[in-house]
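One structure below.
The values are calculated or read from the model by the stated rules, or taken from the named source; none is laboratory data. All of these numbers come straight from a predicted model, not from anything done at the bench. When we count neighbours, we look across all protein chains shown, and the Cβ atoms used for this are built from the backbone with ideal geometry, even at glycine. Please note that ligands, DNA and RNA were not included when accessible areas were found on the heavy atoms of the full protein model with its side chains. Shrake-Rupley method; radii C 1.70, N 1.55, O 1.52, S 1.80 Å.
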Amino acid sequence: MRYDAQTAQAQSKTISAEAHKVLRNTYMLLAMTLAFSAVTAFFAMATNLQLNIFVFFIGAYGFMFLTHKLADSVWGLLSVFGFTGFMGLSLGPILNMYLGAGMGNVVVSAFAMTALVFFGLSAVALVTKKDFSFLGKFLLVGGLVLIAGVIANLFLGMGGLHLAISAGFVIFASALILFQTSEIIHGGETNYIRATVGLFVAIYNLFISLLSLLGMSNE
């Protein structure tokens, strides 16, 4: 009995150490990819680059699929920078639109709120160590509903629907931060490249959605 208790304790410490390693590597890679996407966003702003909505969907989901497929190899690192760099390029035209409309304060506010929400929710997951795996089904269904809403609004162009989608993405991104961080802590996610993609997507969607909501309220 004593042996079993010692073995369980040793295994618990090992899992905790592995989770800490994945968490550390995830945050390091996330910081680097965020910095790289900021560089590509600045490039897109400086060159006035424009991306067609269909090019965006193909590029974003193509890179995401490729990164998940290569996540267990060194090529996954190149792919994740390709994905986040592409997402930065897509952000450039959006930022130019807000800055051109004299809404620099909206961009700053959205950035500050995104950082506050990310660090706040990450702290909740890290400090409480609560298992948020139950959010998995909500994220799956919610993600499909939001994507369908985005596609539908491309043809409908309804302001009310756009507002609802933006609010929905804020909730979705917040839940994703809790879920992904919890998965790392509890050993559900052991690949830091996939974890980085999950957190990056959450931060990107959170920033874009807050930017949209603040922009509409500023009109």
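Quick notes
- Estimated FRET transfer efficiency (HIS20, ALA101; beta-carbon r; R0 45 Å; 0.05): 0.50
- The chain, relative contact order [Cα under 8 Å, separation at least 6], %: 29
- Efficiency of FRET between ILE53 and SER217 - r from beta-carbon atoms, R0 22 angstrom, step 0.05: 0.35
- Normalised by 2.2 N^0.38 Å, where N is the number of residues, the C-alpha radius of gyration of the range 32-156 stands at 1.22.
- Each label point was placed 7 Å from the Cα along the Cα-to-Cβ direction; for LEU144 and LYS129 their separation is 3.5 nm.
- If the segment from PHE155 to TRP75 were pulled out straight at 0.36 nm per residue, it would be longer than the present Cα-Cα gap by 25.0 nm.
- Expected 222 nm ellipticity per residue - DSSP helices of 4 or more, -39500 (n - 2.57), all of the chain, to 500: -31000 deg cm²/dmol
- Looking at the chain, the accessible area is 55 square angstrom per residue; that uses a 1.4 Å probe and ignores ligands, DNA and RNA.
- HN-Hα J in Hz across the range 66-71 - Karplus 6.51, -1.76, 1.60, θ = phi - 60°, x for Gly and Pro: 4, 5, 5, 5, 9, 4
- Each residue of the chain gets 128 Å³ once the volume of the Cα convex hull is shared out per residue.
- Gaussian network model of the chain, springs between alpha carbon atoms under 10 Å - residue of ASN205, ASN52, ASN96 with greatest fluctuation: ASN52
- On full extension, the segment bounded by ALA31 and ALA46 gains 3.1 nm, given 0.36 nm per residue less the C-alpha separation.
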